[in-house]
1. Tell me whether the range 58-66 contains one or more residues that are outside any loop (DSSP other than H, G, I, E, B), surrounded by fewer than 16 Cβ atoms within 10 Å (Cβ to Cβ), out of contact with any Lys or Arg (no Cβ under 6 Å at 6 or more places or on another chain) and not aromatic (Phe, Trp, Tyr).
2. Hey, among the residues in the range 18-54 that are part of a helix (DSSP H, G or I) and basic (Lys, Arg), which one's surrounded by the fewest Cβ atoms within 10 Å (Cβ to Cβ)?
3. Within the range 164-194, track down each residue that is of a type in the set (D, E, K, R), touching a strand residue (DSSP E or B) at 6+ places or on another chain (Cβ under 8 Å) and outside any strand (DSSP E or B).
4. As an exercise: evaluate Tyr95 against (1) part of a loop (DSSP other than H, G, I, E, B); (2) in contact with a helix residue (DSSP H, G or I) (Cβ under 7 Å, 6 or more places away or on another chain); (3) within 18 Å of Val167 (Cβ to Cβ); (4) at pLDDT 95 or above and give the number of the one condition it does not meet.
5. Name the residue, out of Val78, Val61, that is of a type outside the set (S, T, N, Q), touching a strand residue (DSSP E or B) at 6+ places or on another chain (Cβ under 7 Å), modelled with pLDDT of 90 or more and under 21 Å from Glu121 (Cα atoms).
6. Whether any residue in the range 5-14 is crowded, with 20+ Cβ neighbours inside 10 Å and at pLDDT below 95 is what I want to check.
7. What is the one condition in (1) surrounded by fewer than 17 Cβ atoms within 10 Å (Cβ to Cβ); (2) part of a loop (DSSP other than H, G, I, E, B); (3) at pLDDT below 80 that Tyr124 does not satisfy?
8. Of a type outside the set (Phe, Trp, Tyr), touching a Lys or Arg at 6+ places or on another chain (Cβ under 7 Å) and in a loop (DSSP other than H, G, I, E, B): is that true of Gln87 in this structure?
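The values are calculated or read from the model by the stated rules, or taken from the named source; none is laboratory data. Bear in mind the structure is a predicted one, so any value in this text is a computation, not a measurement. Because the Cβ atoms are built from the backbone with ideal geometry, glycine has one as well, and the counts that use them run over all protein chains shown.
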Amino acid sequence: MKSRNVGHADWTQFYSVRERIVQGAKTGASEVLFVDCGGGIGHQAVRFREQFPDAPGRVVVQDLRQGLPAQAPDGVEVMEHDLFAEQPIKGARVYYLRWMAHQWGSETVTKLLSKLREAIELGYSRLLIHDAVMAAKDPPIYMTTIDMTMLTIRGQERTLALHRQMVEAAGLKFVAIHNPGDGVSECVVEAEVV
């Protein structure tokens, strides 16, 4: 993962975490602030907790058993979970997906997002999809190369219009795209329930 991140902006550099996530977050001991869905060994969950140690709420990384770390990283809980099963954490502040949407076709991603939609709390929770957003016209060559690679496993890189369509097909409302503006880094597509 480290080599893919070289030269890419961290999403917390261009997404206003304090204003959009931390402010207004529930403060009870059992409240969940950040769920890294399909997060593997927890790189993003750990980074989030390190950057916002004073943010209220629990930080959880979810993945299949074989993807999770043997021991929970400091400040992060681990939970075995299949993305296509009912989301056990209801009403978290953020459900975060990184590099997930491009692995599958639109129908499969819609099923995944629909499962998350059921857990999202109206007016409180946010869904953040941190993934590549391919330019509709003249995309960079590295993006088209990744897109061709993903096609071999029935996935695809998506334009903003395709991301929006995917979110709306799952019954979610597209809120915004947060773009680092460097032409290289992944964007954050933000959605919520309606």
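1. Yes.
2. The first filter runs over the range 18-54 and keeps only residues part of a helix (DSSP H, G or I), leaving 18-22, 43-51.
Now restrict to residues that are basic (Lys, Arg): 18, 20, 47, 49.
Working: Arg18: 10, Arg20: 18, Arg47: 15, Arg49: 19.
Filtering the range 18-54 for residues that are part of a helix (DSSP H, G or I) and basic (Lys, Arg), the one surrounded by the fewest Cβ atoms within 10 Å (Cβ to Cβ) comes out as Arg18.
3. Across the range 164-194, the qualifying residues are Arg164, Glu168, Glu186.
4. (1)
5. Every option except Val61 fails the conditions.
6. Yes, the range 5-14 contains at least one residue that is crowded, with 20+ Cβ neighbours inside 10 Å and at pLDDT below 95.
7. It fails just one condition, (3).
8. yes
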